[in-house]
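Trainee: Can you keep this structure in mind? I'll have questions shortly.
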Amino acid sequence: MSDQPFINVHTHDVTEYKGVVRIFNFLAGETSDYPKNSYYSVGLHPWFIEKHHHEDLMEKIAQWAKNKNCLAIGETGIDRQIKAPVTLQQKIFEHHLNIAGELQKPLIIHNVKAHTVISQMIKTSHFQQPVIFHGFNNNRQIAGELLSKGFYLSFGKALLNPKSNAAMILKTFPADRFFLENDDSEFDISTIYEMTASLRNQSTEELKKIVADTFNTCFLP
Ligand SMILES: [Zn+2]
């Protein structure tokens, strides 16, 4: 059991670390430095959609997404706290949904105050692959809604505050429905695991095993 890796399902750090399997989030248009020989996800982040010629970029994303090391499409989604119009964000999100649907790859979701519309769009498109809401720190009711739709949640640095929604929710969250990540934070994924293990009252080794199982189910079926 001790040879289970840490799984970092969403990170912006391109560096590879021993004992860690990670999905590097390749921000299309923002960098050309993505790992060709290890796992990544690719998408046009809502924060950057007005900065790029999105028609061209979406075509490139569709190509980058075909690589076997591209395990997911994203992060993509809707953010109600940015200037970009929600209608435009929806259009771009729909494009990602279509790419993920065609390639049958999971989606990594960036959601800010938009889980209802995101869920509705996923439902309307009859998308069948795993959907992961990353950086989850919303309330228990929203967690329950997303779980009931079959989605996965990924938890990160918010956990390190024991009073956060993330920490409260993860204590009793179903073992086969969550991931862990360090996103763009300076925290090591092992720190996120240690906090999670203590919140869930289990060993880090047990935790590594259950997250690795979920990872294999979702991303390497
Ligand atoms: Zn991110």
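The values are calculated or read from the model by the stated rules, or taken from the named source; none is laboratory data. The structure displayed is predicted, hence computed values, not measured ones. Don't worry about glycine lacking a Cβ; one is built from the backbone with ideal geometry, like all the others, and counts go over all protein chains shown. Note: areas computed on protein heavy atoms with side chains; ligands, DNA, RNA excluded. Shrake-Rupley method; radii C 1.70, N 1.55, O 1.52, S 1.80 Å.
Trainee: If you scan segment 126-149, which residues turn out to be away from the ligand (no atom under 16 Å from the Cβ) and under 17 Å from Ile73 (Cβ atoms)?
Mentor: Across segment 126-149, the qualifying residues are His126, Phe127, Gln128, Gln129, Pro130.
Trainee: Would you check if Gly29 is in contact with a strand residue (DSSP E or B) (Cβ under 6 Å, 6 or more places away or on another chain) and either of a type in the set (Phe, Trp, Tyr) or under 29 Å from His126 (Cα atoms) (or both)?
Mentor: The answer is no for Gly29.
Trainee: Out of Asp176, Asp183, Asp188, which single residue is crowded, with 18+ Cβ neighbours inside 10 Å and of a type in the set (D, E, K, R)?
Mentor: After applying the criteria, what remains is Asp183.
Trainee: Please state which of the following conditions Glu50 fails to meet, knowing it meets all the rest: (1) surrounded by fewer than 20 Cβ atoms within 10 Å (Cβ to Cβ); (2) under 18 Å from Glu181 (Cβ atoms).
Mentor: (2)
Trainee: I would also like to ask the following. Going through Gly19, Gly77 one at a time, which residue ends up being modelled with pLDDT of 95 or more and open to solvent by 10 Å² or more (accessible area, probe 1.4 Å)?
Mentor: None of the other options fit; the residue is Gly19.
Trainee: Right, next: Which count do you get for residues in segment 196-210 that are open to solvent by 50 Å² or more (accessible area, probe 1.4 Å) and assigned to a helix (DSSP H, G or I)?
Mentor: 4
Trainee: Hey, can you tell me all the residues within segment 39-70 that are within 15 Å of the ligand (Cβ to nearest atom) and not in a loop (DSSP other than H, G, I, E, B)?
Mentor: Tyr40, Ser41, Val42, Gly43, Pro46, Trp47, Phe48
Trainee: Would you check if there is a residue in segment 24-33 being hydrophobic (A, V, I, L, M, F, W, C), crowded, with 19+ Cβ neighbours inside 10 Å and in a loop (DSSP other than H, G, I, E, B)?
Mentor: Yes, segment 24-33 contains at least one residue that is hydrophobic (A, V, I, L, M, F, W, C), crowded, with 19+ Cβ neighbours inside 10 Å and in a loop (DSSP other than H, G, I, E, B).
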